[in-house]
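The values are calculated or read from the model by the stated rules, or taken from the named source; none is laboratory data. Since we're looking at a predicted model, the values are computed, not measured. Please note: Cβ atoms are built from the backbone with ideal geometry, for glycine as well, and neighbour counts cover all protein chains shown. The accessibility values were calculated without ligands, DNA or RNA, using every heavy atom of the protein model including side chains. Shrake-Rupley method; radii C 1.70, N 1.55, O 1.52, S 1.80 Å.
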Amino acid sequence: MAAERGKGARAKLRAYFLANVGRVLESDELRNASGNASEWGRRVRELRNEEGYQILTHNDRSNLKPGQYVLLDPKPTPAFARGISKETRALVLDRNGFTCQKCGAVAGEPHPFDPTRKTRLQIGHIIDKSMGGSDSPTNLRAECSVCNEGGKNLTLDRPSLQKLLIQVRRATGGDQVEVLRWLIQKFREQTAAILTEK
Ligand SMILES: [Zn+2]
């Protein structure tokens, strides 16, 4: 019964978003559109995560306020990793340390390119599906919503190891310790392994 009601609310929301593509929708409006479903927010997340609709919130776009939503495209996008199981998503996110593999943003933390936004991770394809890439975990990686949604112009190129080491070596001792602290926190297991090397 509850599931049935949920489906009804989701269908209503889907229809409402599709009738308002590109328009910023407020939460009151969406709650009404769902038939005042108590879990309308969850239904919106299902449209995004399960059906692949590009519904953006303030976490994705800095010009949106909390409680505002906008559907960009009537066509669901494969970039939201449809058809990828929850288990695979969890595996990939865990393997990637809950860190965007393009820009290094960490899930739940302020985004490095826009600290007013919380980093939300999605599953992206290393080789795009349009280029024949598969949904296999080996072709998947964690990407933040900024990188995943074509914020590519914002994404800096990765520095080469050589340049990076030069930068770190030239930094003050205090800054080097900060880098060390950050690396240890990010790579706890590797740190322990390195420290026990003979
Ligand atoms: Zn990113």
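Which ones in the stretch 176-198 are within 29 Å of the chain's Cα centre (by Cα) and surrounded by 10 or more Cβ atoms within 10 Å (Cβ to Cβ)?
Those that are within 29 Å of the chain's Cα centre (by Cα) and surrounded by 10 or more Cβ atoms within 10 Å (Cβ to Cβ): Glu178, Val179, Leu180, Arg181, Trp182, Leu183, Ile184, Lys186, Phe187, Arg188, Gln190, Thr191.
Could you tell me how many of the residues in the stretch 118-149 are under 16 Å from Asn59 (Cβ atoms) and either within 11 Å of the ligand (Cβ to nearest atom) or among the acidic types (Asp, Glu) (or both)?
Final tally of qualifying residues: 12.
Within the stretch 1-37, can you find the residues that are at pLDDT below 90 and either in contact with a His (Cβ under 9 Å, 6 or more places away or on another chain) or open to solvent by 50 Å² or more (accessible area, probe 1.4 Å) (or both)?
Within the stretch 1-37, Met1, Ala2, Ala3, Glu4, Arg5, Lys7 qualify.
Go through (1) outside any loop (DSSP other than H, G, I, E, B); (2) within 16 Å of the ligand (Cβ to nearest atom) and name the single condition Arg61 misses.
Exception for Arg61: condition (1).
Could you give every pair whose Cβ atoms fall below 6 Å, whose first residue belongs to the stretch 98-114 and is open to solvent by 40 Å² or more (accessible area, probe 1.4 Å) and within 8 Å of the ligand (Cβ to nearest atom), and whose second residue is part of a loop (DSSP other than H, G, I, E, B) and among the hydroxyl-bearing types (Ser, Thr, Tyr), counting only separations of at least 6 or pairs across chains?
Close Cβ pairs satisfying both conditions: Lys102/Thr155.
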